[in-house]
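Chemist: Dropping the structure in here first, questions after.
The values are calculated or read from the model by the stated rules, or taken from the named source; none is laboratory data. Just so it is clear, the model here is predicted, and its values are computed rather than measured. Neighbour counts run over all protein chains shown; Cβ positions are idealised from the backbone, glycine included. Surface areas here come from the heavy atoms of the whole protein model, side chains and all, with no ligands, DNA or RNA. Shrake-Rupley method; radii C 1.70, N 1.55, O 1.52, S 1.80 Å.
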Amino acid sequence: MSQPSVPPPIAPHPRRWVILAVVCLATLVVLLDNTVLNVAIPSLTEDLGAGTADIQWMINAYALVQSGLLLTAGSLSDRYGRKRALLVGLALFGLGSAAAALAQTSGQLIAARAGMGIGGALLMTTTLAVVMQVFQGPEVPKAIGIWGAVSSLGFAGGPLLGGVLLAHFWWGSIFLINVPVALLGLVAVARLLPESKDPSGRRPDVPGAVLSTVGMVGLVYAIISGPVHGWGSGPVLLAAGVGLAALAGFVAWEVHTPTPMLDMGFFRNRRFNGAVAGGILVAFGMAGSLFLLTQYLQLVLGYRPLEAGLRMSPLALVIVLLNLSGVGARLLPKIGFAGAVAIGMGLLAGGLAVVAAMGSGHGYPGLLAGLLLMGCGIAVASPAMAAAVMGAIPPERAGAGAGVQGTVTEFGGGLGVAVLGAVLGSRFAAGLPGSVPASAAKSLLEALAAAPDEAARTAVRDAFAHGLTGSQLIGAAAVLLGGLLSAALLYRADRPTPGAPAAPQEQDAVPAAH
């Protein structure tokens, strides 16, 4: 039987490193906006008269729209061109940022954040697809590592940037700073980036786009709202039910349509499955721990927002330094995808365990040790998983692969915040002293306000710290078990059955270690 023809390798783009800098800048501003708004909540409450529900929607509108559209955005960039999608994404993100900065009411800010989410979805999927387009061979893991380092810097640097801006300017500055970046990106993309798209010219999968968007929005909304409204509440159950039903319909449609938005055959690839499983758990551990630790630093140890952001920064700095120095890229050809994921996830789990064991009893030094370990683990595991996902998908479908990668990150992060937050909440409520009413267990601030004396307030802080310990240990166990599963799948993918031909869709970014 004749083997399927393999297209000749494409020469790397001569200005690929400049292009990488441009797409990394676009990625940075998108991810900064995932967390930068958290530190502006007091200012928004005072200036716009925003209530609790308004604040929740200001934060969640961006994440909901972005996560819901990632798969669709990736597919559209394949169909109509990645350069075009990147230009549209930058324009929408810049316009949405300007509207957010000038918003006069809570409703205007929520609408602007939703518009930014549309642009963010196009940018997140297109930037990774462009990286895969302009880099070839052994440079791919290094480029993905740099892209991942910038992503981590954006995610962890939001509170720090927000604290700096709010210390000197009004709250709109956290959005207005995106506008010149978007304009710079538009000029650079228009001048530097070559156009690329799926040469098959397949028709848009409109039913698939609708079903995937409804499914992801419903599921992410349920995950976000569960800790607030209760997991058994009507709105949460309805959103989860609609989301799961829509995703089931999406899978059924994609299997049978001749032009699927997401080829379900990708999930028969063990490398793809292993990377997806690992990606969910890395995002689970990182987002959940950052969510909890930011509260611990401010509410228990008493740091101001800027001080808390500075103390979280070692996590991002370690990831950036290790990836910029190419540590992960150099390790990958030697130990393979499975080895990189096993080592990286093990370090991440170890960091979470150190935070749990030392954070509450040793103050910031204990947290610092855990953050450094977590950073090392993410720097090793994340580039390997991104390269494995993108390497398991044909280059002409790079946008769809980037959509899967982004969806995995959003879903895992939301799940981490919800699950670890729920564990913290239950343990916190159980550990409160009897002098604090159960109705005040919804938050640390409410419990402290309800405490009758300093001894009770100390007991409330201790209960929160013990809840943090339990949630971090659960996160560590989940990351470790998920890492072992992911590494096992990747190991089997790199050891195919003797004599069996490799699946046509597997495009190795680096040689597997033997």
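Chemist: Tell me, rounded to the nearest percent, the portion of alpha carbon pairs in region 258-357 spaced more than 16 Å apart.
Modeler: Working: 3430 of 4950 pairs.
Above the 16 Å cut-off, region 258-357 has 69 percent of its Cα pairs.
Chemist: Now, a different point. On the accessible surface of region 279-352, probed at 1.4 Å, how many percent belong to carbon and sulfur atoms? Write down the numbers at each step before the final one.
Modeler: Details: 1790 of 2550 Å².
That share works out to 70 percent.
Chemist: Could you go through region 466-481 in sequence order and give the Karplus-derived ³J(HN,Hα) for each residue, using 6.51 cos²θ - 1.76 cosθ + 1.60 with θ = phi - 60°, rounded to whole Hz, and x for Gly and Pro?
Modeler: My calculation for region 466-481 gives 5, x, 4, 4, x, 5, 5, 5, 5, x, 5, 5, 5, 5, 5, 5 Hz in order.
Chemist: Would you kindly find the accessible area of GLU254, with a 1.4 Å probe and non-protein molecules such as ligands, DNA and RNA excluded, rounding to the nearest 10 Å²?
Modeler: Roughly 10 Å² of GLU254 is accessible to a 1.4 Å probe.
Chemist: A follow-up question, please. D for region 69-196, whole µm²/s, Stokes-Einstein with Kirkwood Rh over alpha-carbon pairs at 4 °C and 1.567 mPa s: what number? Kindly include the intermediate steps, with their values, before the conclusion.
Modeler: Numbers: Rh = 15.7 Å.
This corresponds to a translational diffusion coefficient of 83 µm²/s.
Chemist: At SER173 and ALA21, where each label point lies 7 Å from the Cα along Cα→Cβ, what is the point-to-point distance in nanometres?
Modeler: 2.6 nm
Chemist: Each residue of region 82-88 in order: what ³J(HN,Hα) in whole Hz does its phi give by Karplus 6.51 cos²θ - 1.76 cosθ + 1.60, θ = phi - 60°, with x for Gly and Pro?
Modeler: Once rounded to whole Hz, the list reads 6, 5, 4, 5, 5, 5, 5.
Chemist: Could you look at region 59-180 and say what percent of its accessible area is carbon and sulfur, using a 1.4 Å probe and all protein chains?
Modeler: Details: 2730 of 3680 Å².
Result for region 59-180: 74 percent of the exposed heavy-atom area is carbon or sulfur.
Chemist: Sticking with this structure for a sec: Taking θ = phi - 60°, what integer Hz values does the Karplus form 6.51 cos²θ - 1.76 cosθ + 1.60 yield along region 334-348, in sequence order, with x for Gly and Pro?
Modeler: 8, 10, x, 4, 4, x, 5, 5, 4, 5, x, 5, x, 5, 5
Chemist: Amide H to amide H, which residues 5 or more places from ILE393 or on other chains are under 5 Å from it, using H placed in the peptide plane?
Modeler: GLN507
Chemist: Let me ask another. Kirkwood Rh and Cα-based Rg: tell me the resulting Rg over Rh for region 332-470, rounded to two decimals. All intermediate terms of the calculation are to be shown ahead of the outcome.
Modeler: Details: Rg = 20.1 Å, Rh = 17.6 Å.
Result for region 332-470 is an Rg/Rh of 1.14.
Chemist: Follow-up question, since we're still on this one. Could you order MET264, MET58, MET358 by accessible surface area, starting with the largest, using a probe radius of 1.4 Å?
Modeler: Values: MET264 35, MET58 0, MET358 70 Å².
Accessible-area ranking of MET264, MET58, MET358, largest first: MET358, MET264, MET58.
Chemist: Going from most exposed to least, what order do SER313, SER212 have by accessible area with a 1.4 Å probe? Mind dumping the intermediate values first?
Modeler: Working: SER313 25, SER212 0 Å².
Per-residue accessible area, sorted high to low, gives SER313, SER212.
Chemist: Rounded to the nearest whole Å², what accessible area per residue is found for region 79-231 with the 1.4 Å probe?
Modeler: Working: 5870 Å² over 153 residues.
Spelled out: the 1.4 Å probe surface of region 79-231, per residue, equals 38 Å².
Chemist: What per residue convex hull volume, in Å³, comes out for region 169-271 when only alpha-carbon positions are used?
Modeler: Working: hull volume 21.6 nm³, N = 103.
Hull volume over Cα atoms, normalised by residue count, gives 210 Å³.
Chemist: Can you give the FRET efficiency to the nearest 0.05 for GLU307 and ARG492, using r as the Cβ-Cβ distance and R₀ = 56 Å?
Modeler: Details: r = 47 Å, r/R0 = 0.83.
Once rounded, the FRET efficiency stands at 0.75.
Chemist: How large is the direction-averaged shadow of the alpha-carbon convex hull of region 396-454, in nm²? Please report the intermediate quantities before stating the final value.
Modeler: Numbers: hull surface 19.7 nm².
That works out to 4.9 nm², a quarter of the Cα hull's surface.
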